[in-house]
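Trainee: Handing you this structure, nothing more for now.
The values are calculated or read from the model by the stated rules, or taken from the named source; none is laboratory data. Because the structure is a prediction, the values reported are computed rather than measured. Cβ sites come from the backbone with ideal geometry, for glycine too, and all protein chains shown count toward neighbours. Surface areas here come from the heavy atoms of the whole protein model, side chains and all, with no ligands, DNA or RNA. Shrake-Rupley method; radii C 1.70, N 1.55, O 1.52, S 1.80 Å.
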Amino acid sequence: MDDSQDNNSEEMLPAERRQRLIDWFDVNFAGSSQDLADRFNISVSTIRRDLDLLAKEGYLSRTHGGAVRMRQQSTYEPSTDLARRTAVEEKNAIVAEALRHINADQSILIDTGAISHLLADAIATRTDPLTVITNDLYVAHALTYKPPVKLVVPGGSNRFGAYSLLGEPGISFLNDVKCDLYFMSAQAVDFECASDTVLELVELKRAMMQAAQKTILLADSSRFNARALYRITELSEVDMIITDHGLPTKDRDKILAHGVELVCVQV
């Protein structure tokens, strides 16, 4: 769709305008309310109403500043850069809550992903001593030369186009450690399991779960109601999920039915 098609969006029938929004999200993963209002030449209040309706109909998932399309393809994986620019306020609020569960002198596992990077940046500003084990090169870089942090990177093969280290010797190393906390990310979460798109990464996440006394899943609400190709774990095996208040009440009830502690933070 070129910009000339958008010039008369305010004069379109609402159904036609929303169809063009759907077409746009078929090509683009995420958009802010302001950018979409500019693109479609309509007011921000109008675009917000359209996004709210499309979210209720299951086409989109709303974020604080816009919307993302639902993860309809089990192999779809947004780039780390795109993920870091999506649901930014939600991710920051989730990380702030995650920090409340970290105590001095604990050993924690952090896996790979955009929200893990934000968590590492936040930990880097703290002064309490911690041991951090990670398979993510960005997390390792963020926590290098931070005197309170004892950093352990088990090693492995770098996955092209990503920050993650996969395979051996990382998995064997994890078999011999026991940590206090594991902060896990996931490409998708439905009401049976958390899942991801890369089998080798899933295997590493499972090893991290086995190495931790407590697993906390960090996932913004746009990741729910979707399933990626490979199951990481059943929800009943996760101790806590921290997400944002965008998760509908009916979906919260489904998660709580698994006996998982659920924290929905305000943005």
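Trainee: Residues of the stretch 123-267: accessible area per residue at 1.4 Å, in Å²?
Mentor: That works out to 44 Å² for each residue.
Trainee: Where in the stretch 162-184 does the label zone of H141 land, with the point 7 angstrom along Cα→C-beta and an amide N cut-off under 12 Å?
Mentor: Inside the label zone: 162-164.
Trainee: If you filter the stretch 110-196 for trypsin sites (Lys or Arg not before Pro), then keep DSSP loop positions with at most 11 other Cβ within 10 Å, what is left?
Mentor: For trypsin sites (Lys or Arg not before Pro) across the stretch 110-196 that sit outside H, G, I, E and B with at most 11 neighbouring Cβ atoms in 10 Å, the list reads K178.
Trainee: Separation between the L13 and Q266 pseudo-spin-labels, each 7 Å from Cα along Cα→Cβ, expressed in nm?
Mentor: 4.2 nm
Trainee: Taking a threshold of 22 Å on the Cα-Cα distance, which of the pairs K91/K178; K150/K214; K214/K250 fall above it?
Mentor: Table pairs above 22 Å Cα-Cα are K91/K178; K214/K250.
Trainee: Percent of accessible area on the chain owned by carbon and sulfur, 1.4 Å probe?
Mentor: Details: 5810 of 12350 Å².
Carbon-and-sulfur percentage of accessible area, whole number: 47.
Trainee: Just flag the chymotrypsin sites (Phe, Trp or Tyr not before Pro) in the stretch 173-213 sitting in loop per DSSP whose Cβ has no more than 16 other Cβ atoms within 10 Å.
Mentor: Details: sites: F173, Y182, F183, F191; in loops: F191.
Answer in residue order: F191.
Trainee: Another question about this same structure. Give me the percent relative contact order of the chain, please, defined on Cα pairs under 8 angstrom at least 6 residues apart.
Mentor: 16 percent
Trainee: Sticking with this one: Run the simple label-point estimate for R49 and T249 please: 7 Å along Cα→C-beta, distance reported in nm.
Mentor: Placing both labels 7 Å along Cα→Cβ, they lie 2.5 nm apart.
Trainee: Which is the longest stretch in the chain that no exposed loop site breaks, taking sites as GluC sites (Glu not before Pro) with a DSSP loop state and at most 15 other Cβ atoms within 10 Å?
Mentor: Working: sites that count: E57, E192.
Of all site-free stretches, the longest is 58-191.
Trainee: With a 1.4 Å probe and all protein chains in place, put Y138, Y230, Y145 in order of accessible area, largest first.
Mentor: Y145, Y230, Y138
Trainee: Can you compute the charge dipole magnitude of the chain about its Cα centre, using +1 on each Lys and Arg Cβ and -1 on each Asp and Glu Cβ, nothing else charged? Give it in debye, rounded to the nearest 20.
Mentor: In debye, rounded to 20, the chain gives about 380.
Trainee: Please compute the length gained on full extension between L99 and N158, using 0.36 nm multiplied by the number of residues separating them and subtracting their Cα-Cα distance.
Mentor: Values: separation 59, 0.36 × 59 = 21.24 nm, distance 2.76 nm.
That pair, L99 and N158, stretches by 18.5 nm at full extension.
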